[in-house]
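Peer 1: Supplied in C-alpha cells, the structure appears directly below.
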Amino acid sequence: MILNTSYSRRGFLSLLGAGTASTLAGCASTVPGPQDTLISYRDGGGSVRRPEIVPAGDPDLDLMYGTVVDGGFVIPAIPYRQINPRYYRQRVVDPTGERPGTVVVDTPSRFLYLVEPGGSAMRYGVGIGRQGFAWSGDGVIQWRQKWPKWTPPNEMIARQPELAKYSADNGGMPPGLLNPLGARALYIFQNGEDTLYRLHGSPEWNSIGKAVSSGCVRLMNQDIIDLYDRVPNKARIVVWQ
C-alpha cells in the first residue's frame, strides 16, 4: 500500500497549487463496492474537495493505525477511513532536495517529510495551528520527550483562565491520552534558543490536514511515535511557509 511517486519539485508544487490529492495504490477503487466508504472532506482552506473512495479496511493501514500500547497507555485505533488518504503515512520520492536526516515541514500543504538516503522520504500528514504559521526557517530538534507534560503559555491562560491549573507554577498537565502534546514531542531550537515551536502527537486525529485554533505541528499519535523513532539526534529541521 506504500505509494512511491516520481515527480520533480516543480511538478510537486504545481500539483499542490492545483489542489490535487494523492490516491494510494491498493487503497482505492474506481467504483464503490459493497464494503467501500465514500467520504468527502474540506481542505485546510475550507474548499470542498472531490470525494475519495476508500476501502472499508486495509491490513497495512489496520496495523499502521491500530491500537498501540506505549508507556503504560493504550492509544486507541484511528478510524483512518475518515481521513483523506493523502495524509496517511507513506514513503515517497523526496521532493525537498534536503540532505538525509532533515525534517521538512511543508506548512501550506500540511505535510511533514523526513528525508531518507537514496532519494526517498517518509511523509506524514499534519495539522497546523495558527501558532504554526508564526515561525519558519531552519532550526534543530534540540530535545525530544516521550509522553511529555503540557504547560500552556501565560498568553493562552489569559485567554482561557480555566487552564491555570496546568500552569508552570502548578506543574503542567500530566502525560496522558488527553494531553494536547500526545505521545511524543520534538522541541525546536534556533541559535540555541527555544522557538516554542513543537512537533507533537495529538489525540485529535480529525485535525490532521487542517488549520486548528491552537498548537504547533501535530501528528496522529501513531505517526509521531514512528517519526520519533526515525529522527536522528539533533536533526536539522526546515519549515516552509
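The values are calculated or read from the model by the stated rules, or taken from the named source; none is laboratory data. Computed from a predicted structure; not experimentally measured. Every residue, glycine among them, receives a Cβ derived from its backbone with ideal geometry; neighbour counts consider all protein chains shown.
Peer 1: What do you reckon, is residue 207 surrounded by 13 or more Cβ atoms within 10 Å (Cβ to Cβ), among the small types (Gly, Ala, Ser), within 17 Å of residue 68 (Cα to Cα) and touching a residue at least 40 places away in the same chain (Cβ under 8 Å)?
Peer 2: no
Per-residue answers, yes or no, for (1) in contact with a strand residue (DSSP E or B) (Cβ under 6 Å, 6 or more places away or on another chain); (2) at pLDDT below 50; (3) of a type in the set (Lys, Arg):
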| residue | (1), (2), (3) |
| --- | --- |
| 2 | yes, yes, no |
| 11 | no, yes, no |
| 24 | no, yes, no |
| 30 | no, yes, no |
| 57 | no, no, no |
| 73 | no, no, no |
| 82 | no, no, no |
| 111 | yes, no, no |
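Peer 1: Kindly establish whether residue 86 is in a strand (DSSP E or B), under 27 Å from residue 62 (Cα atoms), of a type outside the set (Phe, Trp, Tyr) and modelled with pLDDT of 95 or more.
Peer 2: no
Peer 1: On the basis of being at pLDDT 90 or above, part of a strand (DSSP E or B), farther than 23 Å from residue 89 by Cβ and acidic (Asp, Glu), does residue 194 make the cut?
Peer 2: Considered against the rule, which asks whether it is at pLDDT 90 or above, part of a strand (DSSP E or B), farther than 23 Å from residue 89 by Cβ and acidic (Asp, Glu), residue 194 comes out as yes.
Peer 1: Just checking, does region 171-184 include any residue being closer than 22 Å to residue 88 by Cα, touching a residue at least 60 places away in the same chain (Cβ under 8 Å) and part of a strand (DSSP E or B)?
Peer 2: Checked region 171-184: no residue is closer than 22 Å to residue 88 by Cα, touching a residue at least 60 places away in the same chain (Cβ under 8 Å) and part of a strand (DSSP E or B).
Peer 1: Another one. Does any residue of region 84-93 turn out to be within 22 Å of residue 231 (Cα to Cα) and free of Cβ contacts under 8 Å to residues at least 12 places away in the same chain?
Peer 2: No.
Peer 1: Same structure again: Can you pull out the residues in region 100-119 that are within 16 Å of residue 232 (Cα to Cα) and either among the acidic types (Asp, Glu) or more than 11 Å from the chain's Cα centre (by Cα) (or both)?
Peer 2: 100, 101, 102, 103, 104, 114, 115, 116, 117
Peer 1: Please work out which one of (1) modelled with pLDDT of 95 or more; (2) buried (at least 19 other Cβ atoms within 10 Å of the Cβ) is the condition residue 99 fails and give its number.
Peer 2: Tallying (1) modelled with pLDDT of 95 or more; (2) buried (at least 19 other Cβ atoms within 10 Å of the Cβ), residue 99 fails exactly one: (2).
Peer 1: State yes or no: is residue 184 under 27 Å from residue 109 (Cβ atoms), surrounded by fewer than 19 Cβ atoms within 10 Å (Cβ to Cβ) and at pLDDT 95 or above?
Peer 2: no
Peer 1: Next question. Identify all residues within region 117-144 that are surrounded by fewer than 16 Cβ atoms within 10 Å (Cβ to Cβ) and either at pLDDT 90 or above or of a type outside the set (Lys, Arg) (or both); write none if there are none.
Peer 2: 117, 118, 119, 133, 134, 136, 137, 138, 143
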